[in-house]
């Protein structure tokens, strides 16, 4: 499923700008590539946000991330002061500075498109399986961490499970 929206504005220098935003959600075939062989490995979900920015109908660039609010922590104090003095609120990629009004329009449009992009049953099923797999991996990692802590607390070596006092590494 794909949704597209265009946001138009005029830059402070009078240039006509527009951002074409594309939100896409679909199920794709998962493939492992091994020495020229394509090995099918089931299905996976694919979600993307693309933003193509144009300046006077000339393509500036394609961005795959949201606009980032300009702060001293995120962009450095000198750059932040310069951009804020120019009425810039956020920046798309490293090229296009936008004011708060345009930033809010872009973020709202993306949120609306993500909500309206209908997810078919196959997408929801594969997404559920991916989430279950991730939860199992987290549980397994927590279990291993607990076991490691138990071994350390008891004085056992976490590598070999005996009281070797590090000799298991020395013998290698």
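A short reminder: the numbers here are calculations on the coordinates, not readings from a lab. Predicted, not measured: the structure shown is a model, and the values here were computed from it.
Just a few scattered comments:
- The chain: Rg to Rh, with Rh as the Kirkwood radius over Cα pairs: 1.19
- Euclidean distance between Cα centres, region 1-48 to region 93-109, Å: 19 Å
- The stretch between residue 132 and residue 9 holds 40.0 nm of extra length on full extension. This uses 0.36 nm per residue minus the Cα-Cα distance.
- Relative to the compact-globule estimate of 2.2 N^0.38 Å, the Cα radius of gyration of region 1-96 comes out at 1.48.
- Relative compactness, region 127-170, computed as alpha-carbon Rg over 2.2 N^0.38 Å: 1.63
- Only helical runs count toward this figure. For the chain, summing -39,500 (n - 2.57) over DSSP H runs of n ≥ 4 and dividing by all residues gives -12500 deg cm²/dmol at 222 nm.
- Principal semi-axes of the equivalent ellipsoid, √(5λ) from the alpha carbon gyration tensor of region 47-109, are 20, 13, 12 Å from largest down.
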